[in-house]
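Q: Structure incoming, see below.
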Amino acid sequence: MSSTLETAGNQRAATNSEANPSSNLPYVKSITAELNAGVSDAVIATCTAHLVERGDDRSYFEQRMKAAADATTELATDLFTSHGRLLAEHRSPTAAPYGTVDWGEALDSDDVLVFEHIKVAKAHRRKGVAKNLVGGIFDRAASDGVQLSVFVAPGALESEYGDYTGEERKRVIAEQLDICVQFWHSLGFRRVAQTNWLALKVTPGGVEAE
């Protein structure tokens, strides 16, 4: 079993043009991780995230986020002002499962890491594979000693519900979404106000509790 992650084993991280040949933006790193297994070295898990450096001039925040990827564009539109401050309506303490979170200004200053997708083959789930993939991307993204504001908008993969219709389709989507949210919660992510976004602060030394 091998992986592209910078954790144990024969591993490395793919960033920028290696992961995305069309990306030549110096303030964006697209990090893709894969896990391979078996004689055929088949891919059993993948994970992609995008790291955007805020820079000193915050007037470029929106431009940078929208130039990086669809996921970073959605995040900038949903949560932030054009200068990268959390919108006022998302700053108030929010009662939610796993406790009330008061983000305040905590998400306003760090570089931004946005997870776009994570997928693990069914036969390899509930074995810590996804957690290792995410942890490896954390390590790679924070390797330059920067503190990160990390975001994800959990959702069900179409491959999980594409064969269903009607009420059964709705049930499967809801079930998969709940599993996805629970996974990110288990890593310390918490919801941002009433949005679909979950967030986490990560330092070079590990996760910073809110």
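Q: Can you tell which of Glu175, Glu105 is more than 20 Å from Thr203 (Cα to Cα) and out of contact with any Ser or Thr (no Cβ under 7 Å at 6 or more places or on another chain)?
A: One residue alone meets the criteria, Glu175.
Q: OK, next. Residues that are of a type in the set (S, T, N, Q) and farther than 23 Å from Arg85 by Cα: which helices (runs of 4 or more DSSP H) entirely in region 107-210 hold 2 or more of them?
A: In region 107-210, 166-186 are the helices (runs of 4 or more DSSP H) which contain 2 or more residues that are of a type in the set (S, T, N, Q) and farther than 23 Å from Arg85 by Cα.
Q: So, one more: Only one of these conditions is not met by Gly104: (1) touching a residue at least 60 places away in the same chain (Cβ under 8 Å); (2) outside any helix (DSSP H, G or I); (3) out of contact with any helix residue (DSSP H, G or I) (no Cβ under 7 Å at 6 or more places or on another chain). Which number is it?
A: So the condition that Gly104 fails would be (1).
Q: Condition test on Arg125, is it surrounded by 18 or more Cβ atoms within 10 Å (Cβ to Cβ), on the phi < 0 side of the Ramachandran plot, at pLDDT below 90 and over 13 Å from the mean Cα position of the chain (by Cα)?
A: In short, no.
Table: residues versus (1) modelled with pLDDT of 95 or more; (2) over 17 Å from Val112 (Cβ atoms).
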residue	(1), (2)
Thr4	no, yes
Ser17	no, yes
Tyr27	no, no
Asn36	no, yes
His50	yes, no
Gly55	no, no
Phe80	yes, no
Arg85	yes, no
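Q: Here's something else I'd like to know. Report, ordered by the first and then the second residue, all pairs with beta carbons closer than 7 Å, sequence separation of six or more or different chains, a first member in region 186-202 that is on the phi > 0 side of the Ramachandran plot, and a second member that is among the acidic types (Asp, Glu) and not in a loop (DSSP other than H, G, I, E, B).
A: The qualifying pairs are Ala193/Glu89.
Q: Just for region 160-193: of the residues that are among the aliphatic types (A, V, I, L, M) and closer than 22 Å to Glu105 by Cα, which one is surrounded by the most Cβ atoms within 10 Å (Cβ to Cβ)?
A: Val192
To keep it simple, each residue is scored yes or no on (1) touching a residue at least 24 places away in the same chain (Cβ under 8 Å); (2) within 25 Å of Ala142 (Cβ to Cβ).
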site: Thr32; (1), (2): yes, yes
site: Asn36; (1), (2): yes, yes
site: Ser40; (1), (2): no, no
site: Glu62; (1), (2): no, yes
site: Lys66; (1), (2): no, yes
site: Thr72; (1), (2): yes, yes
site: Thr77; (1), (2): no, no
site: His90; (1), (2): yes, yes
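Q: Hey, among the residues in region 87-122 that are modelled with pLDDT under 90, over 30 Å from Ile44 (Cβ atoms) and among the hydroxyl-bearing types (Ser, Thr, Tyr), which one's surrounded by the fewest Cβ atoms within 10 Å (Cβ to Cβ)?
A: Within region 87-122, the match that is surrounded by the fewest Cβ atoms within 10 Å (Cβ to Cβ) is Thr100.
The values are calculated or read from the model by the stated rules, or taken from the named source; none is laboratory data. It should be emphasised that the depicted structure is a prediction, and the values quoted were computed from it without experimental measurement. Note that we place each Cβ from the backbone using ideal geometry, even for glycine, and neighbour counts take in every protein chain shown.
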